[in-house]
Amino acid sequence: MPDYDAIVIGAGNGGLSAAAGLARRGIRTLLCERHNVPGGCATSFIRGRFEFEVALHQLSGLGTPDKPGPLRGLLQQIGVIDQIDFVEEDTLYRTGIPGVFDVTLKADRSEIVHALKEKFPSEKKAIENFIGLVWEFCHQLISIYYFRDQHASKDRYPLYFKYALKTGGQVLDEFFEDPCLKMAIASYWGYVGLPPSRISFSDLAMLLWAYTEFKPYHMKGGSQALSNAIVDSFLKAGGNVRFNCGVKKIIVSGGKAVGVITEYGDEIRARSVISNASTISTYTDLIDPETVSPAMLKKLASRTLGPSAVSVYCGLDCEPGDLGIEVSTRFISLNTDMDRQFALCRTFDSPEMCGLTCYDVADPEFSPAGACQVVLISLQYADHWYQIPPMQYADTKYRFAKGLLDIAELVHPGFKDSIEEVEVSTPLTHLRYLGHPGGSFYGFDQYAKDSNLFVSPLSPVQGLYSAGAWVGMGGFQPALESGAAAAKAVCRYLEE
Ligand SMILES: Cc1cc2nc3c(=O)[nH]c(=O)nc-3n(C[C@H](O)[C@H](O)[C@H](O)COP(=O)(O)OP(=O)(O)OC[C@H]3O[C@@H](n4cnc5c(N)ncnc54)[C@H](O)[C@@H]3O)c2cc1C
């Protein structure tokens with residue numbers, strides 16, 4: 001008899017929700033994580049008196065108890081909803097170009113329309129029409145995909161069929177003239193990792209709609225609190241976890257996944273395996289490539305790695321208000337050319353766009369009294385980081401970080417002088433801690449042509465399933481959802 005019914009490789013969001021989902025259904029499950037703490041991206045680290053949130057800037061899909069989003073139900077199913085204190089943010093973001101425009105969008109449809117109309121009065125009608133389109137389009141998309149309308153057709157869902165395959169940029173151009181207005185609406189593009197000219201309108205619309213309808217959140221204790229709570233729930237349900245336990249190989253026999261070999265050489269047998277490692281590592285490293293079909297390798301080769309980022313984690317010795325930080329999330333651009341900002345993600349040139357998150361605005365207790373935590377972030381691909389000799393790495397990352405600090409200083413004078421602790425992560429940091437190629441934390445680039453609409457997410461190896469950002473989309477909500485879906489698929493497989 002195999003040692004377990006299921007082994008989950010990796011305790012990122014996807015691996016954790018898969019493991020908890022399995023154990024709570026009575027499936028004998030082992031969770032193996034290479035790192036010494038759970039969470040993958042969903043973790044924290046300590047410098048001085050600050051516990052820094054690694055990843056979560058804004059959680060999507062939670063909703064309120066009265067108007068729950070899909071994530072609330074999922075977290076309830078895996079037994080953690082009451083274990084976490086979620087912090088709701090009332091604002092999507094403040095965005096703008098210093099000296100050119102500055103607008104704050106509340107997480108409320110009519111307030112978004114009001115703020116945009118006030119700032120861009122010459123395009124009032126277009127703003128109303130566009131926001132109306134976004135909401136109606138998302139309702140149609142949800143009916144088709146979430147409620148699985150069997151009678152979906154062009155007549156029933158005309159907006160979906162008209163706009164689903166357009167880029168965000170094409171639709172923005174159809175409605176608007178002012179590039180600042182386009183930028184104000186598209187500022188969430190970094191959350192998918194593609195600028196308006198490349199992101200699908202579906203993704204751009206869903207970001208705006210979902211963060212407004214279900215509100216942006218973070219949580220007390222940061223995302224590490226969520227990761228810890230899921231592990232606790234998993235253990236309580238009878239699951240077994242091993243930290244500091246990387247998996248070196250997935251054992252495939254007769255076309256079926258039947259266990260793993262750990263980095264210590266232990267061979268553990270199971271009836272199924274879920275991998276939260278990247279799809280690339282899973283099929284080119286963990287499984288012997290000769291047992292992987294050429295079709296699967298061809299499918300992998302057709303994809304491109306999504307971005308990673310440089311983050312500058314700052315512990316400041318002042319309150320947010322002392323520096324004029326009034327919203328949790330701010331996007332600061334130096335121009336309206338989002339394609340150029342995206343192109344810079346492949347260079348060491350100073351970034352021209354920076355995300356600034358201050359956790360203490362919505363949760364004044366997030367940092368020690370009288371202090372606050374701000375994270376500056378700029379997307380970066382990894383290729384050029386691979387080229388730097390080790391001796392130049394520290395210098396390169398600090399030079400890049402200085403570019404982000406300069407932007408923060410521009411909009412919040414005194415920022416640099418308030419820094420008490422600072423730490424910088426790069427694509428190589430994420431590569432090291434997650435093990436993902438390119439340090440990509442969104443998985444593959446999120447082009448519409450590669451979405452599950454066109455490409456089957458099914459594994460060619462029986463009993464092997466995937467969970468996490470590499471299966472569908474990046475982000476906490478999609479990764480947690482993919483883990484829940486993998487757990488269900490494993491249950492069906494084990495019953496066959
Ligand atoms: C700086 C940053 C900012 C972000 N901001 C946001 C945000 O605001 N909102 C949002 O929704 N998302 C955000 N994200 C993205 C989000 O965090 C990720 O997309 C998501 O958490 C990925 O989850 P995952 O399940 O794919 O696992 P990952 O977090 O990628 O973790 C994979 C885990 O598998 C383990 N592993 C890999 N290989 C092995 C092996 N062979 N053996 C054992 N263990 C292994 C790794 O150690 C790791 O723990 C951000 C990410 C980062 C890094």
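Computed from the coordinates by the stated procedures, all read-outs in this text should not be read as laboratory data. Everything quoted here is computed from the prediction, not taken from an experiment. So basically every Cβ, Gly included, is an ideal-geometry build from the backbone, and we count neighbours across all protein chains shown.
Quick one: length gained pulling Ser197 to Phe243 fully straight, 0.36 nm per residue minus the C-alpha distance? Spell out each step's value before the answer.
Numbers: separation 46, 0.36 × 46 = 16.56 nm, distance 4.18 nm.
Once the chain is fully extended between Ser197 and Phe243, it gains 12.4 nm.
What is the packing order of peptides 341-349, 484-492, 225-233, taking the mean over residues of other C-beta atoms within 10 Å and listing the highest first?
Numbers: 341-349: 16.8, 484-492: 20.7, 225-233: 22.3.
Averaged packing, sorted descending, gives the order 225-233, 484-492, 341-349.
Let's see if you can work this out: charge +1 on each Lys and Arg Cβ, -1 on each Asp and Glu Cβ, no other charges. What is the dipole magnitude of segment 307-434 about its Cα centre, in debye to the nearest 20?
Numbers: 8 positive and 19 negative charges, 130 e Å.
Result for segment 307-434 is approximately 620 debye, rounded to the nearest 20.
Given a Förster distance of 25 angstrom, what is the FRET efficiency for Lys488 paired with Ser451, based on the Cβ-Cβ distance and rounded to 0.05?
Values: r = 20 Å, r/R0 = 0.82.
Once rounded, the FRET efficiency stands at 0.75.
Between Asp339 and Asp3, what FRET efficiency follows from the Cβ-Cβ distance if R0 is 41 Å, with the result rounded to 0.05? The partial results should precede the final answer.
Numbers: r = 52 Å, r/R0 = 1.26.
FRET efficiency, Asp339 to Asp3: 0.20.
Using per-residue counts of other Cβ atoms within 10 Å, averaged over each peptide, order 213-221, 403-411, 471-479, 144-152 from highest down. If you can, show how the numbers build up before the last one.
On the way: 213-221: 20.4, 403-411: 18.8, 471-479: 23.7, 144-152: 11.6.
Descending mean neighbour count gives 471-479, 213-221, 403-411, 144-152.
Straight distance only, please: which aspartates and glutamates reach the Cα of Lys124 with their own Cα at less than 18 Å, same-chain residues fewer than 8 apart left out?
Lys124 reaches Asp102, Asp108, Glu111, Asp173, Glu174, Glu177, Asp178.
Going down the list Lys449/Lys488; Lys117/Lys166; Lys67/Lys298; Lys67/Lys220; Lys182/Lys220, which pairs span over 31 Å between their C-alpha atoms? List each step's numbers first, then the result.
Numbers: Lys449/Lys488 26 Å; Lys117/Lys166 25 Å; Lys67/Lys298 43 Å; Lys67/Lys220 21 Å; Lys182/Lys220 34 Å.
Beyond 31 Å: Lys67/Lys298; Lys182/Lys220.
If one computes the Cα centroid of segment 116-156 and of segment 68-114, what distance in Å separates the two points?
After rounding, the separation between the Cα centres reads 19 Å.
Per residue, what volume in Å³ does the convex hull of the Cα atoms of segment 272-418 enclose?
Numbers: hull volume 25.6 nm³, N = 147.
Output value, Cα hull per residue: 174 Å³.
If packing is taken as the average number of other Cβ atoms within 10 Å across a peptide's residues, how do 161-167, 55-61 rank, most packed first?
Numbers: 161-167: 17.6, 55-61: 23.1.
So the order, starting with the most tightly packed, is 55-61, 161-167.
To the nearest 500 deg cm²/dmol, what mean residue ellipticity at 222 nm is calculated for the chain from DSSP H runs of n ≥ 4 alone, each contributing -39,500 (n - 2.57), summed and divided by the residues? Can you show the working numbers first?
Details: 15 runs with 171 residues, N = 496.
Dividing the helical sum by the residues of the chain leaves -10500 deg cm²/dmol.
May I ask you to work out the translational diffusion coefficient for the chain at 10 °C, viscosity 1.306 mPa s, via Stokes-Einstein with Rh from the Kirkwood sum over Cα pairs, reported in whole µm²/s? Walk me through the intermediate numbers first.
Working: Rh = 23.3 Å.
Answer from the Stokes-Einstein relation: 68 µm²/s.
Looking at Ile419, Gly468, Tyr393, which one has the Cα that reaches farthest to the positive end of the dipole of the chain (charges on Cβ: Lys, Arg +1; Asp, Glu -1)?
Farthest towards the positive pole: Gly468.
Specify the angular offset, from 0 to 90 degrees and rounded to the nearest 10, of the alpha carbon long axis of helix 476-495 from the longest principal axis of the alpha carbons in the chain.
With both axes taken from Cα atoms, the answer is about 20 degrees.
Please report, for the Cα atoms of segment 105-214, the Rg to one decimal and the Dmax as a whole number; what are they, in angstrom?
For segment 105-214, the Cα-based Rg and Dmax read 13.7, 42 Å.
Calculated FRET efficiency, Leu165 and His139, Cβ-Cβ r, R0 25 Å, to nearest 0.05?
Details: r = 18 Å, r/R0 = 0.72.
According to the calculation, E is roughly 0.85.
Over segment 13-86, with a single point scatterer placed on each C-alpha, what log10 of the ratio I(q)/I(0) does the Debye formula yield at q = 0.16, 0.17, 0.24 1/Å?
Relative scattering, expressed as log10 I(q)/I(0), comes to -0.74, -0.82, -1.24.
Quick one: Kirkwood hydrodynamic radius for segment 398-484, alpha-carbon pairs, angstrom, one decimal? It would help to have the intermediate numbers written out before the result.
Numbers: mean 1/r = 0.0624 Å⁻¹.
Result for segment 398-484 stands at 16.0 Å.
Distance check, please: which entries in Lys125/Lys215; Lys106/Lys416; Lys154/Lys299; Lys256/Lys299 exceed 23 angstrom between their Cα atoms? If you can, show how the numbers build up before the last one.
Details: Lys125/Lys215 25 Å; Lys106/Lys416 28 Å; Lys154/Lys299 30 Å; Lys256/Lys299 20 Å.
Distance filter (> 23 Å) returns Lys125/Lys215; Lys106/Lys416; Lys154/Lys299.
What is the gain in length, in nm to one decimal, between Glu174 and Ser110 on full extension, counting 0.36 nm per residue of separation less the C-alpha to C-alpha distance? All intermediate terms of the calculation are to be shown ahead of the outcome.
Working: separation 64, 0.36 × 64 = 23.04 nm, distance 2.17 nm.
Between Glu174 and Ser110, full extension yields an extra 20.9 nm.
May I ask you to derive the relative contact order of the chain, considering only C-alpha pairs under 8 Å and at least 6 residues apart, and to give it as an integer percent? Could the numbers behind the result be given before it?
Numbers: 1021 pairs, mean separation 117.7, N = 496.
Relative contact order for the chain comes out at 24 percent.
Please turn the phi angles of segment 112-119 into ³J(HN,Hα) values with the Karplus equation 6.51 cos²θ - 1.76 cosθ + 1.60 (θ = phi - 60°), one per residue in order, whole Hz, x for glycine and proline.
Result, rounded to whole Hz: 5, 4, 4, 5, 5, 5, 5, 7.
Roughly how many Å is it from the Cα centre of segment 329-371 to that of segment 15-48, as a whole number?
When both Cα centres are located, 29 Å separates them.
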